[in-house]
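Notes follow once the structure below has been shown.
The values are calculated or read from the model by the stated rules, or taken from the named source; none is laboratory data. As the structure is a computational prediction, the values presented were derived from the model and not from experiment. Here the Cβ positions follow ideal geometry from the backbone for every residue, glycine too, while neighbour counts run over all protein chains shown.
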Amino acid sequence: MEFFCYHRDRPGSLPLREQLGEEHWSYMDRYAKEMIARGPTLADDGDTPTGSVHIVDLPDPAAARAFAFDEPNYQAGGYRDVLLRRWRNMLGRTMWDFPGGRTGGNRYLVLGLGGGQAADLAVPPDRDELIAYGPLLSDDGATWLGTAVLLRAPDQDTARAVLTADRYADIEVHNWQFGGRPS
C-alpha cells in the first residue's frame, strides 16, 4: 500500500531539525527500499525548510502511522502537523525514475484537498514534467480525499494548473526539491 506523508514544520523549528539531522537520516535509511519520493518543501527564499514529504510503500495503515509518528523530528516536536493518507502511484515509478533528473527547473508539491466528487483521477496527457502523481485516499482506499502531485514547472501558477481548480476545497502549492541523504 502506498502512503503520502507530509510533515509540516513548526515555526522556528530549524535549529531542532539541524540538531536531529543524523537521527532523521538514520531513520529514513531504514525505509530506503520503500521510498517512492521524498524531499523538503521550502519557503519562498528557496532555502528554509517548511516541511518534509515522503511517499512510501508500506504493508498497512498501522505501519504508515508508525513511519509518520516515530520520525525523530516529530517525536521532538519539530512538526506542527502531519498529513498522512493512502495514495495511489498513477505513474508507476519512483522519483529516481523521473526522466527530467534531480536538478534543473523549479519543483513543486501540489496538494488538492478534496471537496466533493473525485477529480483528476487520470494522469494528465502532458506527463513529462510529473515526478509523482496520484489520488489521496481514506485508510481503506475507498474514498477519494484529494490529489498529491510532485512536478517540475516554470512557476507556481503553472504547477497549480495541473489540477482542476473548481473541483477542490483548497489547492496548496509548495516549493519542493528532491530529497535524500546529503552526500
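Within the set of pairs 6+ apart or on separate chains, which have a first residue in segment 124-138 that is under 15 Å from residue 108 (Cβ atoms), a second that is polar (S, T, N, Q) and surrounded by 20 or more Cβ atoms within 10 Å (Cβ to Cβ), and C-beta atoms under 8 Å apart?
Close Cβ pairs (under 8 Å, with a partner that is polar (S, T, N, Q) and surrounded by 20 or more Cβ atoms within 10 Å (Cβ to Cβ)) amount to 133/147.
Does at least one position in segment 30-43 carry a residue that is surrounded by fewer than 19 Cβ atoms within 10 Å (Cβ to Cβ) and among the polar types (S, T, N, Q)? Walk me through it before giving the result.
Looking only at segment 30-43, we keep the residues that are surrounded by fewer than 19 Cβ atoms within 10 Å (Cβ to Cβ), and these are 30-35, 42-43.
Those still in the list that are among the polar types (S, T, N, Q) too: none.
Scanning segment 30-43 turns up no residue that is surrounded by fewer than 19 Cβ atoms within 10 Å (Cβ to Cβ) and among the polar types (S, T, N, Q).
For segment 31-110, please list each of the strands (runs of 3 or more DSSP E) lying entirely inside it that holds at least 1 residues being more than 15 Å from the chain's Cα centre (by Cα).
Result: 79-87.
Given the residues 18, 34, which is the only one that is modelled with pLDDT under 95, out of contact with any helix residue (DSSP H, G or I) (no Cβ under 7 Å at 6 or more places or on another chain) and of a type outside the set (Gly, Ala, Ser)? Explain how you work it out, then say what you get.
Details: 34 fails: modelled with pLDDT under 95.
On inspection, the qualifying residue turns out to be 18.
List the number of the failed condition for residue 84; all other conditions in (1) touching a residue at least 40 places away in the same chain (Cβ under 8 Å); (2) under 19 Å from residue 181 (Cα atoms); (3) not aromatic (Phe, Trp, Tyr) hold.
In the conditions (1) touching a residue at least 40 places away in the same chain (Cβ under 8 Å); (2) under 19 Å from residue 181 (Cα atoms); (3) not aromatic (Phe, Trp, Tyr), residue 84 misses (2) alone.
Looking at segment 136-183, which of the residues that are assigned to a loop (DSSP other than H, G, I, E, B) and touching a helix residue (DSSP H, G or I) at 6+ places or on another chain (Cβ under 6 Å) is farthest from residue 45 (Cα to Cα)?
139
Being out of contact with any Ser or Thr (no Cβ under 9 Å at 6 or more places or on another chain) and surrounded by fewer than 18 Cβ atoms within 10 Å (Cβ to Cβ) is true for just one of 122, 153. Which residue is that? I'd like the intermediate steps shown before the answer.
Details: 153 fails: surrounded by fewer than 18 Cβ atoms within 10 Å (Cβ to Cβ).
So the residue among 122, 153 that is out of contact with any Ser or Thr (no Cβ under 9 Å at 6 or more places or on another chain) and surrounded by fewer than 18 Cβ atoms within 10 Å (Cβ to Cβ) is 122.
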